[in-house]
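Working notes for the structure below.
The values are calculated or read from the model by the stated rules, or taken from the named source; none is laboratory data. Since this is a predicted model, take the numbers as computed values, not measurements. Methodologically, a virtual Cβ is constructed for each residue, glycine included, from the backbone with ideal geometry; neighbour enumeration extends over all protein chains shown. Heavy atoms of the whole protein, side chains included, go into the accessibility calculation; ligands, DNA and RNA do not. Shrake-Rupley method; radii C 1.70, N 1.55, O 1.52, S 1.80 Å.
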Amino acid sequence: MLRVSDLSGRAWGGRFAAQASAQAAADPAAQRIGLKLDATDVDIAALLTDVAQFRKLEGKGRVTADVTTQGASVQRLKQALDGKAAFQLRDGAVRGINLAKTLRQWRSAVTLNKDAVQASSAEEKTDFSEISASFDIADGVARSKDLSGKSPFLRVGGEGLVDIGRGRVDYLAKATVTGTAEGQGGADLALLKGVTVPVQLVGPFEAVDYKVQWSAVSADLLSGAARGALGDRAKDALGGLLGGSATPAAAASGASAPSVKEQARDKAKEKAKDELKKLFGR
């Protein structure tokens, strides 16, 4: 048994302090390794590339881990990993998808009411001013329920798993538009403010696919909360379709005959349909 009670140094652009242990065994499959790590101001991309060949996360900050494993090969060590880990990063990014660019396509996507699968792209990324998550690890699978990412126009939460042993990810991120900027969606994103867009990340580390669940967004847009996010114009249009009051002109005329009311209601609905077509670009 080898125990290292105090190991410190510089790596991945920052500093780390660690405790470690290694236990030999007659059966190589039973040899054990343990590590407690507290790294500060490190480059997470460099760390994850070295440790797990995962290249989708960027940023600098703190990484902590308390893990144990056993096995006779690197692959087996990954598959037997148990413990906990966490990161808190600043000026970070998730590579493979540009959420601002993707969300700007919401009009046509929601109209089709169909989920869209987008392959990972090395040229695309989503920037965050801060991003954090913690993981419970068992049998090489890290599970997380508290992803938190913030940018000037987005808030992202989520939960899912990262299979370290098999090099796969299956994670559901939920992006909510909180603000807009001219270069990040402008008027297109303004109407989506307050609406949550689920994005499923699934696949091997080197080829993650992003499934944008626009069908869920369509349902959300029809809810009362989402109608508020769309503004008065959308609320008026939806209200007309749902059987709102007659037009002001008809009400002022004092007409009470059923045929007049029906005609006014039909006109209101037609106007509402026209407004919704303009909103959804059709």
(request) Determine the alpha carbon to alpha carbon distance for each of Lys78/Lys150; Lys36/Lys125; Lys56/Lys78; Lys36/Lys211 and list only those over 27 Å. (result) Lys78/Lys150; Lys36/Lys125; Lys36/Lys211
(request) Give the peptides 72-84, 140-152 in descending order of average Cβ contacts within 10 Å, highest first. (result) 140-152, 72-84
(message) Accessible area of the range 58-107 with a 1.4 Å probe: how many percent of it is carbon plus sulfur?
(response) 51
(message) How many angstrom lie between the Cα centre of the range 13-56 and the Cα centre of the range 67-109?
(response) 16
